[in-house]
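Only one structure is covered here, and it is reproduced in the block below.
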Amino acid sequence: MIIHASKAFSTHLKCQVSGPKRQVPHHSSLDSWSVDLFKLTKVGTYALVMNDASLSTIIIPLKGVRKFEDFFLSFIGHVTGFFDLHGVSFDPFNQSAIILPRSNRSLIGTMNDAKWLMQSRIERHADGGLEIDWDDIENYLNHVPYSRIDYDSPDKRLKKMIG
């Protein structure tokens, strides 16, 4: 598994990034994920994790998570549930990870768009006096059409890739 981490994420979780001094090619595949931090006052810090090929999005709370190893265990659990939901077999016990810096500007822009959409959805929940429903926000992000994948939604793109 390849994890392309933002500088903020790798600093926050004190993780060792391979090859940070050189530009590493950033290929899109089902086993490649990009991750960035999402912080909001009164809400907390979350990891926004996006699959590089399908743009499928997972939101992982980072409350109490101080090291990459703790994040990785939570991430593997989320990925297992996510792929099970889509009928993809995934062996959580046979996974290793390499952490590389994010270098794909198009994907970084798409992640920033997703963070903006997430923030506006959170503000709508707060304005309505509702508790934040993270599953609803994650589901919403996985149904948004993105130009990076020819205006497919991540859910549709993932189904095309695994079908």
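Membrane-span-like helices in the chain: DSSP H runs reaching 24 Å or more (Cα, own axis), mean Kyte hydropathy at least 0.5?
68-85
Using only helices, what value at 222 nm comes out for the chain when you add -39,500 (n - 2.57) per DSSP H run of length 4 or more and divide by the total residues, to the nearest 500 deg cm²/dmol?
Value at 222 nm, helices only, nearest 500: -12500 deg cm²/dmol.
Antiparallel DSSP bridges in the chain: what percent, to the nearest 5?
For the chain, the DSSP antiparallel bridge percentage is about 65.
Please return the longest range in the chain lying between exposed loop sites, taking chymotrypsin sites (Phe, Trp or Tyr not before Pro), DSSP loop only, at most 15 other beta-carbon atoms within 10 Å, and leaving the sites out.
It runs 1-92.
Using a 7 Å offset from the Cα along the Cα-to-Cβ direction at both residue 140 and residue 96, what is the distance between the two label points in nm, to one decimal?
4.0
Kindly put 49, 88, 65 in sequence by how many other C-beta atoms sit within 10 Å of each C-beta, fewest to most. Spell out each step's value before the answer.
Numbers: 49 23, 88 14, 65 19.
If I rank by nearby Cβ atoms, fewest first, I get 88, 65, 49.
So for 115, 39, 63, fewest C-beta neighbours within 10 Å to most, what's the order?
Exposure proxy ranking, most exposed first: 63, 39, 115.
Given (1) 1.08; (2) 0.94; (3) 1.14, which label gives Rg/Rh (Cα atoms, Kirkwood Rh) as computed from the coordinates?
Computed from these coordinates, Rg/Rh (Cα atoms, Kirkwood Rh) corresponds to label (2).
For the chain, set up a Gaussian network in which alpha carbons nearer than 10 Å are linked by springs, and say which option among 34, 96, 74 fluctuates the most.
Judging by the Gaussian network model, the answer is 96.
No value in this document is a laboratory result; all are computed from the given coordinates. Keep in mind that this is a model prediction, so the values were computed, not measured. Positions of Cβ are generated from backbone atoms using ideal geometry, with glycine treated the same way; all protein chains shown enter the neighbour counts.
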